[in-house]
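The values are calculated or read from the model by the stated rules, or taken from the named source; none is laboratory data. Keep in mind the model is a prediction, meaning the values are calculated, not measured. Positions of Cβ are backbone-derived with ideal geometry, glycine not excepted, and every protein chain shown enters the neighbour counts.
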C-alpha cells in the first residue's frame, strides 16, 4: 500500500499535507472515481467525509496509536462498548471496562469492509448485533486491515456472503457521515453522525 506510506510517512519525501493538497487540486467534489487506485480513492473520500485515518504498519503501531487516541480524548479508565472478544483481549492493557452500554465513551469494533467509492465503513450484526447506529456511542474506533478495502458496496456485500455461507448476517449498514460538528447538507439529512477513528493495519 504505497499510497498510505506516501501520505503518512514523513521519510517518503512528500508530506501528508502536500499529498492532500495535490488530491484536492486534481479532483473536485465530483471527480471521476475510476481514475484513482482503490487505496487512494478510499483515503480521499474517507477524509472528505470527516473520518480520522490512522495507518499502522504493524500491531505495535496499532497499540501505540490506540493509546494516543485514549490520551487525546481522556478516555482512560472509561467504559468501551465492545462485543468482539478478540478485540477485548488485544486492547486489554489500557485499563478500560468493556460492556454494551450506549452511554459508553466509545464503540470499539472491527468492520466488514472499507468502501472506496464513497469512503464509508460497512458493518453488520457481526459487529453491532441488532442495534441501530443511534443506539451506539457517538465515538467509534474501528480496527481494520488494508485487505478489507473494496471498490464499492456490492463487492463488500459479496464478501460478506462468501465469509458467512451458513448464515448471512443481518443489520448490514454503512457509516459515512463522520463529523459530529459539521452542518448537515441535504444529502446527509437524517443520517447518524459519528466521530470515527480508523486504525488501519497493513496486512498486504
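Of all residues in the range 50-73, those that are more than 15 Å from residue 142 (Cα to Cα) and surrounded by 19 or more Cβ atoms within 10 Å (Cβ to Cβ) total 0. Could you say whether any residue in the range 83-94 is buried (at least 21 other Cβ atoms within 10 Å of the Cβ) and in contact with a strand residue (DSSP E or B) (Cβ under 6 Å, 6 or more places away or on another chain)? The answer is no; no qualifying residue exists.
Checked against the criterion of being in a strand (DSSP E or B) and either surrounded by fewer than 19 Cβ atoms within 10 Å (Cβ to Cβ) or modelled with pLDDT of 95 or more (or both), the range 179-195 contains one or more residues that satisfy it. Counting only strands (runs of 3 or more DSSP E) that fall entirely inside the range 90-169 and contain at least 3 residues that are touching a residue at least 40 places away in the same chain (Cβ under 8 Å), the qualifying elements are 113-115, 120-123, 139-145.
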